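Below is one structure, written out as structure tokens; comments come after it.
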């Protein structure tokens with residue numbers, strides 16, 4: 001049961017961060033928003049920072065249940081597992097969101113499918129290799 005709760009908590013944190021907590025970042029990660037609201041060349045690439053910041057926020061949120069789980073059960077996470085998994089998820093999330101928001105190569109269903117696959121892979125990696 002504890003593994004089911006861990007997995008569902010990761011999915012819930014994904015939904016909270018990707019839909020409720022993004023706020024202004026949802027607009028700021030779009031090149032078009034910057035072109036319309038800050039057209040000066042100084043701000044041309046600022047969308048990249050918004051993508052990175054949201055990617056970090058999302059990655060932290062899906063790792064939060066893993067962190068809480070390991071603390072409550074006093075289970076040590078192998079530091080390299082945590083760092084590698086965190087960074088990979090961060091990068092994939094930012095690239096995926098850029099493909100949807102700016103390149104317009106994927107739609108919301110594809111975007112969310114990739115994020116769900118990230119969560120599944122992260123969950124499996126932690127439960128098999130890192131605890």
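Some observations on this one:
- Folded to 0 to 90 degrees: helix 2-15 orientation relative to the chain principal axis, Cα: 10 degrees
- Principal-axis tilt of helix 79-101 within the chain, Cα atoms, nearest 10 degrees: 30 degrees
- Measuring r between the beta carbons of residue 45 and residue 117 and using R0 = 22 Å, the FRET efficiency lands at 0.20.
- Region 82-99 and region 24-67 have their alpha-carbon centroids 13 Å apart.
- Amide N of region 65-103 lying under 16 Å from the label point, which is placed 7 angstrom from the Cα of residue 20 along Cα→Cβ: 65
- Between residue 56 and residue 74, full extension at 0.36 nm per residue minus the direct alpha carbon distance yields a gain of 4.0 nm.
- In this structure, residue 82 and residue 27 have a Cβ-Cβ separation that, at R0 = 22 Å, corresponds to a calculated FRET efficiency of about 0.10.
- Helix 108-125 and the long axis of the chain differ in direction by around 30°, with both axes built from C-alpha atoms.
- Pairs of Cα atoms in the chain fall into 10 Å distance bins, from 0 up to the last occupied one, in shares of 12, 41, 29, 13, 4, 0 percent.
Readers should treat all values here as calculations from the given coordinates under stated rules, not as data from a laboratory. All values reported here derive from a predicted model rather than from experimental measurement. Neighbour counts run over all protein chains shown; Cβ positions are idealised from the backbone, glycine included.
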